[in-house]
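Asks: Encoded as structure tokens, here's the structure I'll be asking about.
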Amino acid sequence: MRAFLVGLIFIIASLLLSGVGFLLLPFVFVLGFLIRIVLSIVFILLCIWLLGRLIIFVFEMLFKGKKKRDEL
């Protein structure tokens, strides 16, 4: 009788957990969509920042090179 009750409790617990998982499925989809949007925005901001750093680096190299030519 004990084995029957343990098996029954296990089946009920499995059904409850799968039901909760099924109900949380839309939340997981929305969360995945939001994470995709956030990561896209972060990637765009990182690209803009890297472009700015590259432009500053190029201008510094050009002006430092110009100062060295003027000194000679």
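The values are calculated or read from the model by the stated rules, or taken from the named source; none is laboratory data. Bear in mind that the values here come from a model prediction, so they are computed numbers and not experimental data. All Cβ positions, glycine included, derive from the backbone under ideal geometry; neighbour counts span all protein chains shown. Note: areas computed on protein heavy atoms with side chains; ligands, DNA, RNA excluded. Shrake-Rupley method; radii C 1.70, N 1.55, O 1.52, S 1.80 Å.
Asks: What is the percent carbon and sulfur in the accessible area of the chain, measuring with a 1.4 Å probe over the protein chains and ignoring ligands?
Replies: Summing carbon and sulfur atoms, their accessible area is 82 percent of the total for the chain.
Asks: Right, next: Please compute the modelled spin-label separation between residue 8 and residue 29, points set 7 Å along Cα→Cβ, answer in nm with one decimal.
Replies: The answer from the label model is 3.7 nm.
Asks: Let me ask something else. Would you mind working out the magnitude of the charge dipole of the chain relative to its Cα centre, with +1 at each Lys and Arg C-beta and -1 at each Asp and Glu C-beta, to the nearest 20 Debye?
Replies: 300 debye
Asks: Give the angle, between 0 and 90 degrees and rounded to the nearest 10, that separates the Cα long axis of helix 2-71 from the longest principal axis of the Cα atoms of the chain.
Replies: Helix 2-71 and the main axis of the chain meet at about 0 degrees.
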